[in-house]
């Protein structure tokens, strides 16, 4: 089983009210809501960072893919049907 660590942090009244209604959201306790929310946030942040890095790399290479004759030689076939 994973070791859980207690932390103290501040939340708004709205967040406090939401956590107080943990049973309405199908959770066993308030901490489980926070853990799930943090896990979701971590995944979202990592995905966003990965997408931003991919976008940055694509932008760095765009001139290579438009100007390099070895990479653009087959663009004359764009729109051709291959059957």
Qualifying positions in the stretch 1-19 - more than 15 Å from residue 37 (Cα to Cα) and surrounded by 10 or more Cβ atoms within 10 Å (Cβ to Cβ)
17
Those residues that are outside any helix (DSSP H, G or I) and at pLDDT 80 or above, I need them from the stretch 47-79; list them, please.
68
For residue 25, only one of the following conditions fails: (1) over 19 Å from the mean Cα position of the chain (by Cα); (2) modelled with pLDDT under 95. What is its number?
(2)
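The values are calculated or read from the model by the stated rules, or taken from the named source; none is laboratory data. None of the values given here were measured: they were computed from a predicted structure. Positions of Cβ are backbone-derived with ideal geometry, glycine not excepted, and every protein chain shown enters the neighbour counts.
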